[in-house]
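Engineer: Submitted below is the structure of interest, expressed as structure tokens.
The values are calculated or read from the model by the stated rules, or taken from the named source; none is laboratory data. This structure is a prediction, so every number in the text was calculated from the model and none was measured. A quick note on method: Cβ atoms are made from the backbone with ideal geometry, for glycine too, and the neighbour counts reach across all protein chains shown.
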Amino acid sequence: MSKTYIIAEIGINHNGDLDTAKQLIDIAALSRCDAVKFQKRDPDICVPNSQKNILRETPWGTMTYIDYKKKIEFGKKEYDEIDSYTKQKNIKWSASPWDLSSLKFLTQYDIPFIKIPSALLTDDTLLNAASLTGKKIILSTGMSSIEEIDHAVMILKNGDSYYRQKDYYHANFTLLHCNSTYPAPEEDLNLNNIKMLKDRYHVPIGYSGHEEDLEASMIAVVLGATIIERHVTLDHSMWGTDQRASLEIIAMDMLKKRCSNVHAMLGSYNRIVTESEKSIRKKLRG
């Protein structure tokens with residue numbers, strides 16, 4: 001029976017609080033997810049200058065957007081603790097780097113993959129640099145045209161002329177079908193893209209879901225998704241733009257169980273008379 005790799009996307013739902021992050025790791029571990037994922041940014045690089053000084057109301061009072069982003073960003077002390085805590089809980093962790101310095105930061109840890117977010121699918125420099133780490137790459141394709149995905153896949157498979165000269169160029173990657181709306185409307189999910197991407201690129205395809213329910217994730221598994229990524233939260237009412245499109249603990253547990261059930265129900269491609277049918281066959285056919 002095949003197994004779907006489940007990533008619990010913590011992202012920034014921890015709101016800069018390490019204890020909250022640990023509780024979210026606990027949820028993922030109890031739900032038997034394979035990995036948790038965070039987001040790593042250098043706010044000075046990632047926040048556009050036009051937005052840095054915009055005032056924002058937050059649970060910590062009114063502050064500039066750049067100060068808010070810095071407040072919720074984890075540094076080495078927090079990630080050292082996350083690295084240790086996930087080992088205790090027997091679950092892997094990784095993060096999405098949003099800039100080159102964050103990518104370099106992550107390479108000091110023994111993470112199983114590097115996740116490139118949809119927003120950076122068109123960043124050739126980051127794609128090349130991530131490939132050179134030798135880590136498996138997972139790339140989300142939300143809000144991207146087929147031409148943009150074609151180009152990103154070309155970079156991941158071949159590198160540009162400079163990187164092709166490197167003997168250690170790495171091209172082990174999975175694409176995730178994704179709709180980048182939070183939460184994503186059901187009529188916009190276009191899950192048949194999973195089959196299209198598989199046929200077009202001949203690489204493993206997964207699904208990063210931002211809808212509110214579980215059905216689309218199950219359908220994605222039926223369509224052949226090898227990875228399912230869903231955001232996780234302690235409570236939908238918590239502060240943060242991603243909380244509403246996230247799953248609470250009961251839903252995360254149901255996600256894992258239902259993915260396993262889907263594989264059990266799909267069963268074998270080859271036609272067989274099952275063990276449960278044999279006694280009925282004997283009774284009805286003699």
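Engineer: Pairs, please: C-beta under 6 Å, at least 6 apart or cross-chain, first residue on the phi > 0 side of the Ramachandran plot and in segment 133-153, second at pLDDT 95 or above?
Structural biologist: Correct list of pairs: M143/S118; M143/S180.
Engineer: Something else: Mind checking which residues of segment 217-255 are of a type in the set (D, E, K, R), surrounded by fewer than 19 Cβ atoms within 10 Å (Cβ to Cβ) and assigned to a loop (DSSP other than H, G, I, E, B)? First the steps, then the outcome.
Structural biologist: Kept after step one, since they are of a type in the set (D, E, K, R), are these residues of segment 217-255: 229-230, 235, 242, 244, 248, 253.
Okay, now just the ones that are also surrounded by fewer than 19 Cβ atoms within 10 Å (Cβ to Cβ), so 235, 244, 248, 253.
Within segment 217-255, D235, R244, E248 meet the criteria.
Engineer: For P117, are the conditions met, namely being more than 21 Å from G16 (Cβ to Cβ), within 23 Å of the chain's Cα centre (by Cα), modelled with pLDDT of 95 or more and of a type outside the set (A, V, I, L, M, F, W, C)? Quick ask: steps written out before the conclusion?
Structural biologist: Numbers: more than 21 Å from G16 (Cβ to Cβ): no; within 23 Å of the chain's Cα centre (by Cα): yes; modelled with pLDDT of 95 or more: yes; of a type outside the set (A, V, I, L, M, F, W, C): yes.
It is false that P117 is more than 21 Å from G16 (Cβ to Cβ), within 23 Å of the chain's Cα centre (by Cα), modelled with pLDDT of 95 or more and of a type outside the set (A, V, I, L, M, F, W, C).
Engineer: Got at least one residue in segment 121-143 being at pLDDT 95 or above, acidic (D, E) and farther than 27 Å from M196 by Cα?
Structural biologist: Within segment 121-143 (the criterion being at pLDDT 95 or above, acidic (D, E) and farther than 27 Å from M196 by Cα), the answer is no, since none of the residues qualifies.
Engineer: Return the total of residues in segment 1-28 being assigned to a helix (DSSP H, G or I) and either closer than 22 Å to V262 by Cβ or of a type in the set (D, E) (or both). Step through it out loud before you land on a result.
Structural biologist: Residues of segment 1-28 that are assigned to a helix (DSSP H, G or I), as a first pass: 18-28.
Applying the additional criterion that residues be either closer than 22 Å to V262 by Cβ or of a type in the set (D, E) (or both) yields 19, 26-28.
Looking only at that region, the number is 4.
Engineer: Can you report the number of residues in segment 62-79 which are under 27 Å from T125 (Cα atoms) and either among the polar types (S, T, N, Q) or surrounded by fewer than 14 Cβ atoms within 10 Å (Cβ to Cβ) (or both)?
Structural biologist: The number of residues fulfilling the criteria is 2.
Engineer: Does M196 meet the test of being assigned to a loop (DSSP other than H, G, I, E, B), surrounded by 13 or more Cβ atoms within 10 Å (Cβ to Cβ) and over 18 Å from the mean Cα position of the chain (by Cα)? Break it down into steps so the answer makes sense when it comes.
Structural biologist: Working: assigned to a loop (DSSP other than H, G, I, E, B): no; surrounded by 13 or more Cβ atoms within 10 Å (Cβ to Cβ): yes; over 18 Å from the mean Cα position of the chain (by Cα): yes.
No: the conditions fail for M196.
Engineer: So, in segment 185-213, exactly how many residues are among the aliphatic types (A, V, I, L, M) and modelled with pLDDT under 95?
Structural biologist: 1
Engineer: Could you say whether any residue in segment 271-283 is under 22 Å from K3 (Cβ atoms) and either surrounded by 11 or more Cβ atoms within 10 Å (Cβ to Cβ) or touching a Cys at 6+ places or on another chain (Cβ under 8 Å) (or both)? Quick ask: steps written out before the conclusion?
Structural biologist: As a first pass, look at segment 271-283 and keep what is under 22 Å from K3 (Cβ atoms): 272, 274.
Next, only the ones that are either surrounded by 11 or more Cβ atoms within 10 Å (Cβ to Cβ) or touching a Cys at 6+ places or on another chain (Cβ under 8 Å) (or both) stay: none.
Scanning segment 271-283, I find no residue that is under 22 Å from K3 (Cβ atoms) and either surrounded by 11 or more Cβ atoms within 10 Å (Cβ to Cβ) or touching a Cys at 6+ places or on another chain (Cβ under 8 Å) (or both), so the answer is no.
Engineer: Scan segment 69-103 residue by residue and report those that are within 18 Å of the chain's Cα centre (by Cα), polar (S, T, N, Q) and over 13 Å from C46 (Cβ atoms).
Structural biologist: T86, S94
Engineer: Among the residues of segment 193-212, how many are of a type in the set (A, V, I, L, M, F, W, C) and touching a Phe, Trp or Tyr at 6+ places or on another chain (Cβ under 7 Å)?
Structural biologist: Applying the first criterion (of a type in the set (A, V, I, L, M, F, W, C)) to segment 193-212 yields 194, 196-197, 203, 205.
Right, trim to touching a Phe, Trp or Tyr at 6+ places or on another chain (Cβ under 7 Å) and you get 194, 203.
Summing the residues that are of a type in the set (A, V, I, L, M, F, W, C) and touching a Phe, Trp or Tyr at 6+ places or on another chain (Cβ under 7 Å) in segment 193-212 gives 2.
Engineer: Between S102, S94, S50, S31, which is surrounded by fewer than 19 Cβ atoms within 10 Å (Cβ to Cβ) and out of contact with any Gly (no Cβ under 9 Å at 6 or more places or on another chain)? Give the steps one after another, and end with the answer.
Structural biologist: Details: S102 fails: surrounded by fewer than 19 Cβ atoms within 10 Å (Cβ to Cβ); S94 fails: surrounded by fewer than 19 Cβ atoms within 10 Å (Cβ to Cβ); S31 fails: surrounded by fewer than 19 Cβ atoms within 10 Å (Cβ to Cβ).
Testing whether each residue is surrounded by fewer than 19 Cβ atoms within 10 Å (Cβ to Cβ) and out of contact with any Gly (no Cβ under 9 Å at 6 or more places or on another chain) leaves just S50.
Engineer: Would you mind finding the one in L234, L247 that is modelled with pLDDT under 95, in contact with a strand residue (DSSP E or B) (Cβ under 9 Å, 6 or more places away or on another chain) and within 30 Å of R56 (Cα to Cα)? Don't jump to the end; show me each part of the working.
Structural biologist: Details: L234 fails: in contact with a strand residue (DSSP E or B) (Cβ under 9 Å, 6 or more places away or on another chain).
When all the criteria are applied, what remains is L247.
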